[in-house]
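Working notes, beginning with the structure itself.
The values are calculated or read from the model by the stated rules, or taken from the named source; none is laboratory data. Here the structure is a predicted model, which means the values were calculated and not measured. A quick note on method: Cβ atoms are made from the backbone with ideal geometry, for glycine too, and the neighbour counts reach across all protein chains shown. Side chains included, ligands, DNA and RNA excluded: accessible areas come from the protein's heavy atoms. Shrake-Rupley method; radii C 1.70, N 1.55, O 1.52, S 1.80 Å.
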Amino acid sequence: MAFLNGRIPGIALATTYLYYPGTTYGRRLLLTAAPSAEAMALAFYLEFNKPLYATDGYRDYATQVELKAKLGPYAAKPGTSNHGWGKALDLGSNVNSFTSAEHRWLRANAHRWGWVHPTWAHDGNNSNGMDEAWHWENVGGGTSEPRILRPRTGRGEVGLGATGDRVKRVQELLNERLSGADLRVDG
């Protein structure tokens, strides 16, 4: 079913576990985009030993109007925002710096989960939008395998992506990269 930009009903959106400090809930995305964002966030966590924070996700039409009034030419015309399709995230966690290791890693790996840093966001051409190191879009493809959820800890849940050998590998990586971790490697 097709929806208008900024007018996606709540039933077609999922709340992700990509939080931002000081917020209560994760960022919303289309149901089809959320699992791959969570899988990407887990891989980021394993690589950098820190959460992948999202500063923005789906923007309804009213929010687009507010941002346009506040930011003027630095915000999309309401009804045309990439965030209004429920397939865009603005990321923090040092991804928002073009020169950071986190940004370079995401540029090299995000496609594995169906995410891209669109050309307009990094081409240096202000006539088609401003450069935005933080802006990422889901284009489909990639992996969004079923998740194994850990109990709620107040920081959300993390999707592991699979069972068996892949979970064993995640457990091994956690033991290697987290000081004091002593997980039983059992899949």
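Can you spot a residue in the range 26-36 that is open to solvent by less than 40 Å² (accessible area, probe 1.4 Å), farther than 20 Å from Arg112 by Cβ and modelled with pLDDT under 90? Yes, some residue in the range 26-36 is open to solvent by less than 40 Å² (accessible area, probe 1.4 Å), farther than 20 Å from Arg112 by Cβ and modelled with pLDDT under 90.
Test Tyr20 against the criterion of being within 27 Å of Gln171 (Cα to Cα) and in contact (Cβ under 8 Å) with a residue 40 or more places away in the chain, and give yes or no. Yes, satisfied. Filtering the range 72-125 to residues that are under 28 Å from Arg7 (Cα atoms) and of a type in the set (S, T, N, Q) leaves Thr80, Ser81, Asn82, Asn96, Thr119. Here the condition is being in a helix (DSSP H, G or I) and in contact with a Ser or Thr (Cβ under 7 Å, 6 or more places away or on another chain); of Ala37, Ala41, it holds for Ala37 alone. Of all residues in the range 46-66, those that are open to solvent by 40 Å² or more (accessible area, probe 1.4 Å), closer than 22 Å to Tyr19 by Cβ and in a helix (DSSP H, G or I) total 4. Residues in the range 76-105 that are over 25 Å from Gln64 (Cβ atoms) and either touching a Leu at 6+ places or on another chain (Cβ under 8 Å) or not aliphatic (A, V, I, L, M) (or both): Asn94, Ser97, Phe98, Thr99, Ser100, Glu102, His103, Arg104, Trp105. The number of residues in the range 78-131 that are buried (at least 16 other Cβ atoms within 10 Å of the Cβ), part of a loop (DSSP other than H, G, I, E, B) and touching a residue at least 60 places away in the same chain (Cβ under 8 Å) comes to 5.
On the basis of being in contact with a strand residue (DSSP E or B) (Cβ under 7 Å, 6 or more places away or on another chain) and hydroxyl-bearing (Ser, Thr, Tyr), does Tyr20 make the cut? Step through it out loud before you land on a result.
Working: in contact with a strand residue (DSSP E or B) (Cβ under 7 Å, 6 or more places away or on another chain): yes; hydroxyl-bearing (Ser, Thr, Tyr): yes.
Yes.
Among the conditions (1) in contact (Cβ under 8 Å) with a residue 24 or more places away in the chain; (2) open to solvent by less than 40 Å² (accessible area, probe 1.4 Å); (3) under 25 Å from Thr119 (Cα atoms), Gly72 misses just one, which is (1). Restricting the range 1-25 to residues that are outside any strand (DSSP E or B) and either in contact with a Cys (Cβ under 6 Å, 6 or more places away or on another chain) or within 10 Å of Gly86 (Cβ to Cβ) (or both) leaves a set whose member that is most open to solvent (accessible area, probe 1.4 Å) is Phe3.
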